[in-house]
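Have a look at the structure below before the remarks.
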Amino acid sequence: MASRPQIAVNAEAEAEARAEVRSAVHLGPVSHGDEQPKDHFKTADGVRFAGSHLIIDMWDAAHLDEPELLRQAMVDAVDRSGATLLHIHLHRFTPYGGVSGVAVLAESHISVHTWPERGYAAFDVFMCGDADPQTAAEVLAEALAPGRIEINEHRRGVIATQ
């Protein structure tokens with residue numbers, strides 16, 4: 001039986017994220033006096049929601065069969081967006097190429113699937129809290145230099161404002 005590769009985890013970031021979640025999850029939005037719950041929801045345009053989920057399609061993109069370049073692009077996207085990287089795993093498909101993977105964040109995730117033979121990359125960027133998924137999208141676009149990019153945003157976990 002082949003041994004499984006070790007999974008690298010940012011233990012310090014994971015511990016901090018778990019502590020924040022434990023302190024934020026009080027079986028509902030409990031506040032202490034005037035303090036707001038630390039659920040990391042956002043408010044924009046009068047709407048309260050868990051986070052922004054960007055669906056990103058890149059066409060005529062470069063470097064789609066280069067896992068290390070994609071890894072660095074994702075790490076840079078996490079850093080510049082203000083998110084916290086917990087773990088990243090990418091897989092290169094052989095012999096035909098293409099890369100799939102995910103960066104697990106304290107604020108959610110970035111995933112990628114590439115089709116180098118089509119010049120196409122599909123990214124999902126979902127972030128809550130103060131992390132900025134639009135910045136992550138810009139960083140990914142800088143790295144892959146697509147000829148065309150389409151970004152659609154979906155607000156996850158929309159709740160009624162009070």
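The values are calculated or read from the model by the stated rules, or taken from the named source; none is laboratory data. Given the structure is predicted, the values throughout are model-derived calculations rather than measurements. Every residue, glycine as well, gets a Cβ built from its backbone with ideal geometry; the counts of neighbours run over all protein chains shown.
Residue-wise test of (1) among the acidic types (Asp, Glu); (2) within 14 Å of residue 123 (Cα to Cα); (3) over 17 Å from the mean Cα position of the chain (by Cα).
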residue: 54; (1), (2), (3): no, yes, no
residue: 60; (1), (2), (3): yes, no, yes
residue: 69; (1), (2), (3): no, no, no
residue: 76; (1), (2), (3): yes, no, no
residue: 80; (1), (2), (3): no, no, no
residue: 85; (1), (2), (3): no, no, no
residue: 90; (1), (2), (3): no, yes, no
| query | Within the stretch 3-14, is there a residue that is under 28 Å from residue 153 (Cα atoms) and either at pLDDT 95 or above or exposed (fewer than 13 other Cβ atoms within 10 Å of the Cβ) (or both)? | reply | no
| message | Take residue 151 and tell me if it is under 22 Å from residue 45 (Cα atoms) and β-branched (Val, Ile, Thr). | response | yes
